[in-house]
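Student: I am attaching a structure below and will ask some questions about it afterwards.
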Amino acid sequence: MTEHVTTAVDGPILTLTLNRPDKKNALTNAMYGALADGLQHAHDDKAIRCVLLRSSSDCFTAGNDLGDFAAISAGAGPAERHVNRFLHGLAAADKPIVAAVHGLAVGVGTTMLLHCDVVCVTEQARLTTPFVNLALVPEAASSLLMQARIGYARAYSLFALGEPVDGKTAVEWGLARHLVAPEALHAKALAVAHTLAEKPIGALRATKRLMRDAALIAQTMDRESAVFAERLKSPEAAEAFRAFAEKRAPDFKRVAS
Ligand code: COA
């Protein structure tokens, strides 16, 4: 349980709201646990016909909590990492997921969108996946899904250079479906969710299963997770996390790879 993710059921819609504004909604282990529980609830409850993912503030999420990453890097991580349950929940989800994204969507904040079926963004949305800047690698099956969605050249620039994608470009590249004014974002996403909830759920679920190879996605996640876990323990990553905590730029030339 955490107050940093709110789960609300309103008729056929289950809404998961990221709510840790003072830390830009950076995702802790407990928050991944709450998100994973929410997806499981949506999967199990016949009355739920659509999931809505949103944030309570002007930032979607700054990605994984870097303090948590630093702890894992130092060998002091939690006994159970809920991120894997969350990611596999996304891989297996066959009910529609709608996302409303305003402001920053860093790392998993962007890669989770590859598992959402309708993404609404504002012009101020900034999608970034600076994995290599943190001495890490892509996750959430994004090494497969990102290049399938936007092509290798753009995907590589996102991962390796950490280039941001704004809301308008995200729609042009097919990372999002609707460009919406900030004040209209949540109403638009909710309207899309309600429209989907009116559709025949059997056909919706079958369509999503046909459009996504869930087994391949899960397999890719596992392959990425193994490399990601190694990278987390690397001296390069330790330098990246230290630099973030010390509010300075990392110096990778001084550490062994
Ligand atoms: N993990 C932990 N804490 C984070 C965080 C993260 N991913 N992102 C932001 N925060 C914290 C900051 O440490 C700061 O805490 P403090 O007030 O106790 O010092 C607070 O959230 C506000 O962040 P700040 O950096 O002051 O805001 P900003 O608007 O100047 O910059 C970001 C926002 C997101 C650009 C910047 O915080 C950042 O680069 N965060 C790291 C993003 C990242 O690399 N995520 C992992 C991807 S795999």
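The values are calculated or read from the model by the stated rules, or taken from the named source; none is laboratory data. Being a predicted model, the structure only gives us computed values, none of them experimental. We place every Cβ from the backbone using ideal geometry, glycine too, and count neighbours over all the protein chains shown. Keep in mind that these areas ignore ligands, DNA and RNA; they rest on the heavy atoms of the full protein, side chains included. Shrake-Rupley method; radii C 1.70, N 1.55, O 1.52, S 1.80 Å.
Student: Pairs of Cα atoms under 8 Å, at least six residues apart: use those to get the relative contact order of segment 5-184, whole percent.
Tutor: 18
Student: Over segment 1-142, average the accessible area per residue using a 1.4 Å probe and give it in Å², no decimals.
Tutor: Accessible area per residue, segment 1-142: 36 Å².
Student: Longest exposed-loop-site-free stretch of the chain, with GluC sites (Glu not before Pro), DSSP loop and at most 16 other Cβ within 10 Å?
Tutor: By the stated rule (loop sites, at most 16 other Cβ atoms within 10 Å), 4-79.
Student: Cross-link candidates for Lys188: which aspartates and glutamates have Cα within less than 18 Å, leaving aside residues fewer than 8 places away along the same chain?
Tutor: Cross-link targets: Asp10, Asp58, Asp117, Glu123, Glu198.
Student: Which of the peptides 85-92, 71-78 is most tightly packed, and how do the rest follow, going by the mean number of other Cβ atoms within 10 Å of each residue?
Tutor: 85-92, 71-78
Student: Counting C-alpha atoms alone, how compact is the chain: give Rg to one decimal and Dmax as a whole number, in angstrom.
Tutor: 17.5, 58
Student: Projected onto the charge dipole of the chain (+1 at Lys/Arg Cβ, -1 at Asp/Glu Cβ, origin at the Cα centre), which of Val108, Leu175, Ala30 gives the Cα projection farthest towards the positive end?
Tutor: Of the listed residues, the answer is Leu175.
Student: Same structure, new question: List nothing, just return the count: lysine pairs in segment 5-184, 8 or more apart or interchain, with Cα separation under 27 Å.
Tutor: Taking the Cα cut-off of 27 Å, the pair count is 4.
Student: Among the aspartates and glutamates, select those whose C-alpha is under 18 Å from the C-alpha of Lys253, and discard any that sit fewer than 8 residues away in the same chain.
Tutor: Straight-distance partners of Lys253: Glu236, Glu239.
Student: Related question: Give me a comma-separated list of calculated 3J(HN,Hα) values for segment 217-226, in order, Karplus coefficients 6.51, -1.76, 1.60 applied at θ = phi - 60°, integers in Hz, x for any Gly or Pro.
Tutor: Whole-Hz 3J(HN,Hα) from phi for segment 217-226: 4, 5, 5, 5, 4, 5, 5, 5, 4, 5.
Student: When the accessible area of segment 149-252 is split by element with a 1.4 Å probe, what percent falls to carbon and sulfur?
Tutor: Using a 1.4 Å probe with all protein chains present, segment 149-252 comes out at 59 percent carbon and sulfur.
Student: What ³J(HN,Hα) values, in whole Hz, does the Karplus curve 6.51 cos²θ - 1.76 cosθ + 1.60 give for segment 233-242 when θ = phi - 60°, with x put for Gly and Pro?
Tutor: Rounded to whole hertz, the list is 8, 7, x, 4, 5, 4, 5, 4, 5, 4.
Student: Would you kindly calculate the translational diffusion coefficient of segment 180-257, applying Stokes-Einstein with the Kirkwood radius from alpha carbon pairs, for 4 °C and a viscosity of 1.567 mPa s, and quote it in µm² s⁻¹ without decimals? Before the final figure, lay out each step's value.
Tutor: Values: Rh = 17.2 Å.
Answer, rounded: 75 µm²/s.
Student: Moving to a separate point now. Could you run the Karplus curve 6.51 cos²θ - 1.76 cosθ + 1.60 with θ = phi - 60° over segment 118-130 and give me ³J(HN,Hα) per residue in whole Hz, x for Gly and Pro?
Tutor: 9, 10, 9, 10, 9, 4, 7, 4, 10, 8, 9, 10, x
Student: Per the helix-only calculation at 222 nm, which mean residue ellipticity applies to the chain, given -39500 (n - 2.57) for every DSSP H run of n ≥ 4 and division by its residues, nearest 500 deg cm²/dmol? The partial results should precede the final answer.
Tutor: Numbers: 11 runs with 113 residues, N = 257.
About -13000 deg cm²/dmol.
Student: Roughly how many debye, to the nearest 20, is the charge dipole of the chain about its Cα centre, given +1 on each Lys and Arg Cβ, -1 on each Asp and Glu Cβ, and no other charges?
Tutor: Taking the Cα centre of the chain as origin, the dipole is about 340 debye.
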